[in-house]
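Before any comments, here is the structure.
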2 protein chains.
Amino acid sequence: MEKIVEQTLLYDFYGELLTDHQKRIYEDVVFNDLSLSEAAADAGISRQGVHDLIKRCTRTLGEYEEKLHLIERFTQTRRLADEIERLVRDYREKPEEALLTRIEQICEEMKE
Amino acid sequence: MEKIVEQTLLYDFYGELLTDHQKRIYEDVVFNDLSLSEAAADAGISRQGVHDLIKRCTRTLGEYEEKLHLIERFTQTRRLADEIERLVRDYREKPEEALLTRIEQICEEMKE
């Protein structure tokens, strides 16, 4: 996965577990595109401090995903919802009972 | 929610964020039904220590849910999957296009 996409997803799902200080700097650099020096001046810490904080936060967020699989679960739910939509469209073209049964199976899978 | 159900759900979703020591004692008391004294003897800590640990772990797990809403999301997905299954059954009884459209709407909702 591209690094910025991965960082955005991780932050979307687990950002609430960071401190306000960490969130502010992480957002400044990763989303608001501030340079490390700008973010450092903003937060009143060193450029190296900002660099280390971003690296540490990304690792922390990644560790939450390794343990909780929230992104993985959400991605799987999206995938299954897409599949149901595809089956509904197929059914309109050619109404076969097997397609409805398949939708029910996917629903069961979603509930596991 | 009944306390044991809530503790089980919280542990299922966030248990991985506890330490091995915490997990062992929490499982002993909450799932294996050991008394506080038994769990205390087992872990080599005081009865009061076990009591405090269980209380603290439950609070910690609850705080994760307040921040990440993993249980809430999962419950919502289950609810929507149930609704799709109901719509499929209704459709078999009375095949109306509106039911298929509703299934597609629910899929979109799931992907949000």
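Contact annotation: residue pairs with Cβ atoms under 6 Å, 6 or more positions apart or on different chains, pairing a residue in region A:96-109 that is under 14 Å from residue A:80 (Cα atoms) with a partner that is surrounded by 16 or more Cβ atoms within 10 Å (Cβ to Cβ) and among the charged types (D, E, K, R), are A:104/B:85; A:107/B:85. Cβ separations smaller than 9 Å between residues 6+ apart or across chains give the following pairs from region B:70-94 residues that are free of Cβ contacts under 8 Å to residues at least 60 places away in the same chain to residues that are among the basic types (Lys, Arg) and open to solvent by less than 60 Å² (accessible area, probe 1.4 Å): B:77/A:111; B:78/A:111; B:81/A:111; B:82/A:111.
When residue B:4 is tested against the conditions (1) more than 12 Å from the chain's Cα centre (by Cα); (2) free of Cβ contacts under 8 Å to residues at least 40 places away in the same chain; (3) more than 30 Å from residue A:102 (Cα to Cα), the lone failure is (1). Residue pairs whose Cβ atoms lie under 7 Å apart, sitting 6 or more positions apart in sequence or on different chains, and linking a residue in region A:48-69 that is among the small types (Gly, Ala, Ser) to a partner that is surrounded by 17 or more Cβ atoms within 10 Å (Cβ to Cβ), are A:49/A:40; A:62/A:10. Note on region B:4-16: among residues that are farther than 19 Å from residue A:63 by Cβ, among the hydrophobic types (A, V, I, L, M, F, W, C) and crowded, with 17+ Cβ neighbours inside 10 Å, the one that is modelled with the highest pLDDT is B:10. Only residues that are open to solvent by 60 Å² or more (accessible area, probe 1.4 Å) and under 22 Å from residue A:63 (Cβ atoms) were counted across region B:49-59, and they come to 2. Scanning region A:17-48 for residues that are part of a loop (DSSP other than H, G, I, E, B), under 21 Å from residue A:62 (Cβ atoms) and open to solvent by less than 60 Å² (accessible area, probe 1.4 Å) turns up just one, A:18. If you go through region B:64-90 and keep only what is facing chain A (nearest Cβ under 7 Å), open to solvent by 30 Å² or more (accessible area, probe 1.4 Å) and farther than 15 Å from residue A:107 by Cα, you end up with just B:67.
Entry remark, region A:91-104: residues being more than 9 Å from chain B (Cβ to nearest Cβ) and surrounded by 15 or more Cβ atoms within 10 Å (Cβ to Cβ) number 2 in total.
The values are calculated or read from the model by the stated rules, or taken from the named source; none is laboratory data. Keep in mind the model is a prediction, meaning the values are calculated, not measured. Every residue, glycine among them, receives a Cβ derived from its backbone with ideal geometry; neighbour counts consider all protein chains shown. Calculation scope for accessible area: heavy atoms of the full protein, side chains included, ligands and nucleic acids excluded. Shrake-Rupley method; radii C 1.70, N 1.55, O 1.52, S 1.80 Å.
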